[in-house]
Ligand SMILES: Cc1cc2nc3c(=O)[nH]c(=O)nc-3n(C[C@H](O)[C@H](O)[C@H](O)COP(=O)(O)OP(=O)(O)OC[C@H]3O[C@@H](n4cnc5c(N)ncnc54)[C@H](O)[C@@H]3O)c2cc1C
């Protein structure tokens, strides 16, 4: 349990999250922030307890896949039992508000839960995570009637949810969706096939489909797509025409069922506006992207603690391998990579919660003066820009970190790491998918570039600059200055880059990495300010990343789209 509720988690809970403002704005001046915070902490403690207890069975059952039995998806027994434990604790659909039977947990806490579940079993996390995401999207966009109809049973975990976007020709490019929604006498019917659907056997499907009346004009774009709740059982008890046609066998996350799903004139209930389904789905996808970042952190934590423990006990040349300088450097780099990603993710979550708190505060305008409201409204706008950039960056950084950390953990174990029963080997196979679903890494860095192109960097850096200049402590000041210098180099390189879109896209990964490194650097410094034991971590992150940043920025600045021609020539050597 201690590993699940580790020092970093406690530091945020105890020091870095501004619970006072959060609860004052969400619950009003009469609430007691300390007892509200304690209640949230006890939810996290419960989750940590459950996750540490299910870990043994999920590790032992890791290879077991879900089965398709008479058209029903049956997850492996250890997954059913683990889901039941989480459900009994009321931790399913945790973002659903209390009025619909959920906890309405802040994004920071919801993502901590996902991180911990993922640490116990990444496959189980996808099931719980998508269930929560689908329910929250219904909460945000559906009519009151649909919310009443579906949310309480989703919040209780009785009904599971699936998000049905992907089709064989429509993966990263959802503009290619051809599943069709037809309206007849005021009712909607969905026809088409989806693939790779997590929780594909669920009762509730949230389906993105192209409207029949604008089908031809909108084909190839995300306009003309609407979002539908398509239940397996219709409100009058009849079976809807939704079926699972196949379950996939995968490299990892075996416990999570991944299905091909067919809709044959299945009745659907539109949520959100007609033709604006992609926008409604984006809200789910953005939450899910942070959820997958949390999944990456959970997997990486598991691999790193296993690797450190092994390196301390494995003797070679008469000493534990952890004592070898090369191994020390490797384990330290793995830790830096985990903590840098964590810093970025937690910062994104805190910004989301800050904006949710502002929204709640605005529902009680009498409690705030006009100037307070003006300030909050300006902050909300700035935070929105920051969240739009930090979301793809967090997903990119944490999932790529999980991929690398788990791979390095295999290396730490030597030959043992390559054996079929290797725990870290399994974690690596689980980690790979995090860089693919909910938008691949390439798509995340392209999204980040798009936000930078729209001017996000000036807002993000404005906040960052003020924050960094506030680190007056002698121990922190030199590192804050290094990050400030890094920001200057990024601004210089990015302005040259954005003039040439082809080249900008080619450099999107480098740009995403350098921008992430300065934001995470600032966050690690605030960790160090709150807990001086983390100073070496922040210092080492900044020292290493800023050297890399300098050369990357120079390379970005000196290049042009001619490099694309060179890439083409190099690839042609394979012909
Ligand atoms: C286990 C699993 C569970 C999943 N769960 C769900 C689910 O619940 N619901 C759902 O709807 N979908 C789900 N998916 C689908 C997943 O979201 C897609 O696989 C993913 O978005 C990538 O699409 P694709 O597989 O078609 O790859 P493609 O889009 O064909 O991409 C192939 C490669 O090309 C790259 N690429 C594509 N476009 C660009 C570009 N513009 N610039 C640079 N590179 C590019 C990609 O990054 C990738 O490396 C799941 C997939 C898996 C494997």
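Computed from the coordinates by the stated procedures, all read-outs in this text should not be read as laboratory data. What you are looking at is a predicted structure, and each value in this text was computed from that prediction instead of being measured. So basically every Cβ, Gly included, is an ideal-geometry build from the backbone, and we count neighbours across all protein chains shown.
Helical content alone sets the calculated 222 nm signal of the chain at -20500 deg cm²/dmol, taking -39,500 (n - 2.57) per DSSP H segment of four or more residues and averaging over every residue.
Peptides 80-88, 122-130, ordered by how many other C-beta atoms sit within 10 Å of their residues on average, highest first, read 122-130, 80-88. In the frame of its principal axes, the stretch 22-72 has Cα extents of 54, 28, 12 Å, reported largest first. Here the alpha carbons of the stretch 161-275 define both size measures, Rg and Dmax, at 13.7, 45 Å. With neighbours defined as other Cβ atoms within 10 Å of a residue's Cβ, the residues 254, 205, 413 order from fewest to most as 413, 254, 205.
From the alpha carbon gyration tensor of the stretch 461-537, can you work out the equivalent ellipsoid semi-axes (sqrt of 5 times each eigenvalue) and give them in Å, largest to smallest?
Here the semi-axes work out to 28, 12, 8 Å.
Is the C-alpha gyration tensor of the stretch 71-172 telling us rounded, prolate or oblate? Criteria: a/c under 1.5 is rounded; beyond that, a/b larger than b/c is prolate, otherwise oblate. Since a/c stays below 1.5, the shape of the stretch 71-172 is classed as rounded. With r defined as the distance between the Cβ atoms of residue 366 and residue 472 and R0 fixed at 41 Å, what FRET efficiency is calculated, to the nearest 0.05? Calculated value: 0.60. Run the Debye formula on the Cα coordinates of the stretch 7-155, all scatterers equal and no solvent, and tell me log10 I(q)/I(0) at q = 0.09, 0.17 1/Å. Values, matching the q order: -0.33, -1.04. The distance from the alpha carbon centre of the stretch 200-238 to that of the stretch 278-299 is 21 Å, rounded to a whole number. Using alpha carbon centroids, what distance separates the stretch 431-448 and the stretch 163-197, in Å? Value for the Cα centre distance between the two parts: 22 Å.
Just want the ordering: 91, 40, 251, from fewest to most Cβ atoms lying within 10 Å of their own Cβ. Can you show the working numbers first?
On the way: 91 24, 40 20, 251 10.
Going from least to most buried by this count: 251, 40, 91.
Rg of the Cα atoms in the stretch 307-366, relative to 2.2 N^0.38 Å, amounts to 2.06. Applying D = kT/(6 pi eta Rh) to the stretch 483-575, where Rh is the Kirkwood radius over alpha-carbon pairs, T corresponds to 20 °C and eta to 1.002 mPa s, the Stokes-Einstein value obtained is 147 µm²/s. Each principal axis of the stretch 279-395 carries a Cα extent, and these read 71, 31, 19 Å when sorted largest first.
State, as an integer percentage, the relative contact order of the chain based on alpha-carbon contacts under 8 Å between residues 6 or more apart.
13 percent
A simple packing score, the average count of other Cβ atoms within 10 Å per residue, orders the peptides 424-435, 389-400 as 389-400, 424-435, with the highest score first.
Per residue, the convex hull spanned by the alpha carbons of the chain comes to 179 Å³.
The calculated Kirkwood hydrodynamic radius for the stretch 127-221 is 14.3 Å, given to one decimal from all distinct C-alpha pairs.
Note on the chain: antiparallel DSSP beta bridges, both residues inside, total approximately 85 percent of the bridges counted. Approximating the spin labels as points 7 Å out from Cα along Cα→Cβ, the residue 374-to-residue 2 distance works out to 5.3 nm. When Rg and Dmax are taken over the Cα atoms of the stretch 334-474, they come to 19.7, 66 Å.
Across the stretch 360-401, the residues whose backbone nitrogen lies under 15 Å from the label position 7 Å along the beta-carbon direction of residue 454 are 381-393.
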